[in-house]
1. In the list 148, 200, which residue meets the criterion of being surrounded by 14 or more Cβ atoms within 10 Å (Cβ to Cβ) and under 38 Å from the mean Cα position of the chain (by Cα)?
2. Against the definition (under 19 Å from residue 319 (Cα atoms) and free of Cβ contacts under 8 Å to residues at least 24 places away in the same chain), how does residue 233 come out, yes or no?
3. Looking at 307, 303, 320, which one is loosely packed, with under 13 Cβ neighbours inside 10 Å, over 25 Å from residue 227 (Cα atoms) and touching a residue at least 12 places away in the same chain (Cβ under 8 Å)?
4. For region 30-55, which positions are part of a strand (DSSP E or B), at pLDDT 95 or above and either surrounded by 15 or more Cβ atoms within 10 Å (Cβ to Cβ) or under 27 Å from the mean Cα position of the chain (by Cα) (or both)?
5. Among all residue pairs at least 6 apart or on different chains, which show Cβ distances below 9 Å where the first residue, located in region 62-90, is on the phi > 0 side of the Ramachandran plot and the second is part of a strand (DSSP E or B) and of a type in the set (A, V, I, L, M, F, W, C)?
6. Please determine, by comparing only the residues of region 209-257 that are of a type in the set (Gly, Ala, Ser) and exposed (fewer than 14 other Cβ atoms within 10 Å of the Cβ), which one is modelled with the highest pLDDT.
7. List pairs: first residue in region 105-129 and without any contact (Cβ under 8 Å) to a residue 40 or more places away in the chain, second residue crowded, with 18+ Cβ neighbours inside 10 Å and among the acidic types (Asp, Glu) anywhere in the structure, Cβ distance under 8 angstrom, at least six positions apart or on different chains.
Amino acid sequence: MKKLMILPLLLLAAACGRNKNEMEDDTLTRLSQAVEGNYVDTMTLRLQDFTRQTISNGKLAAVRKSTLRFGTTGTIEQVNFINGQKVREGELIASLDQENASIALAQAENALSKARIDMNDVLIGFGYGDADTSNVPPATMAIARTRSGYDDAEQTYRKALSDLRGTKITAPFSGKVAGIKARVYENAPSEEFCTLIDDSSFEVTFPLLESEIPSVRTGMPVKISPFNNPGKTYTGRITAINPMVDEKGQIQITASVGNSDGNMMDGMNVRVTVEEIIPRQQVVPKSAVVMRDNQDVLFVYQSADSSARWVYVDILMSNSASHVVRVNQERNAQLELGDAVITSGNLNLAHESKVIVRQ
């Protein structure tokens, strides 16, 4: 009977021993993981230039853009380009059937020649030969031109010549063809046939608040990112500041930007960042600032005991990557140039937490 009672007790003791060992192993594992998790990166706090950013939205407009149309009516005979295709200055974009215009011009030339002969006959009647009309008085010449119908014939000729030229659309400058409105064998549209866009450079117009204008001036650099590709950045400069405040308290700013890779398009919506350099500031990455007690703090590495001391700070300015900070004097905080500011691994740190600086 006693042997039967002793056996369960031995099994219970063995189980308790195993549980105790497992708990100790688990505790050591957690402590080890906690120590291993406190690896941090640091930077040395120095005075450096800070790029203050003012962000707005704008729209691109080609610096050179022209709507092109035929100068006369008729049937489209050829279209040499398609939308988006590049064209050089002077190249023929499209043309109409020229037969009727050519006939009209030939008839006008004949009529003008006949009118010139009639005008000379009138001048001969006034006693002037047709070899040299420079000595004919203006009043006499006016009578001769009117009686002979020369003025009307000359106007008809000029109109016919213009109509013939109007059967062709040539590029006034190099660019890209856009918005073609008709095809071969269709009648020429009464409105524009296409638009020619010089997409080598653009203007971008964007609004800024009245309070933001004192830090903006012509010549300042801007960065422009298309909404459809925010990772791509183009560099431009402010060219004009409209000296008027609209009903929304905004002022329109214009900047120029080069289309370096040809991917920007007229009318594209973009994000505009105006940058101003502020010298000699205490600049830290945004990742260095965390919240403790509803306050902004930095962690400073203490090499003497490998700990992290938190320092209350005020954020003076920010951009997309960095903050300008100063010590929070109301908290009697201390921060010196040369301090090793922790920039990563600080999210779960407490005051005087032990840390290991990554090499």
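The values are calculated or read from the model by the stated rules, or taken from the named source; none is laboratory data. This is a predicted model, so every value here is computed, not measured. Heads up, the Cβs are rebuilt from the backbone with ideal geometry, glycines too, and the neighbour counts pull from every protein chain shown.
1. After ruling out the rest, the residue left standing is 200.
2. yes
3. On inspection, the qualifying residue turns out to be 303.
4. The answer is 40, 41, 42, 43, 49, 50.
5. 74/96; 84/177; 84/178
6. Among residues in region 209-257 that are of a type in the set (Gly, Ala, Ser) and exposed (fewer than 14 other Cβ atoms within 10 Å of the Cβ), the one modelled with the highest pLDDT is 240.
7. none
Residue by residue, here is whether (1) assigned to a loop (DSSP other than H, G, I, E, B); (2) closer than 23 Å to residue 54 by Cβ holds:
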{"residue": "253", "(1), (2)": "no, yes"}
{"residue": "265", "(1), (2)": "yes, no"}
{"residue": "276", "(1), (2)": "no, yes"}
{"residue": "298", "(1), (2)": "no, no"}
{"residue": "326", "(1), (2)": "no, yes"}
{"residue": "337", "(1), (2)": "yes, no"}
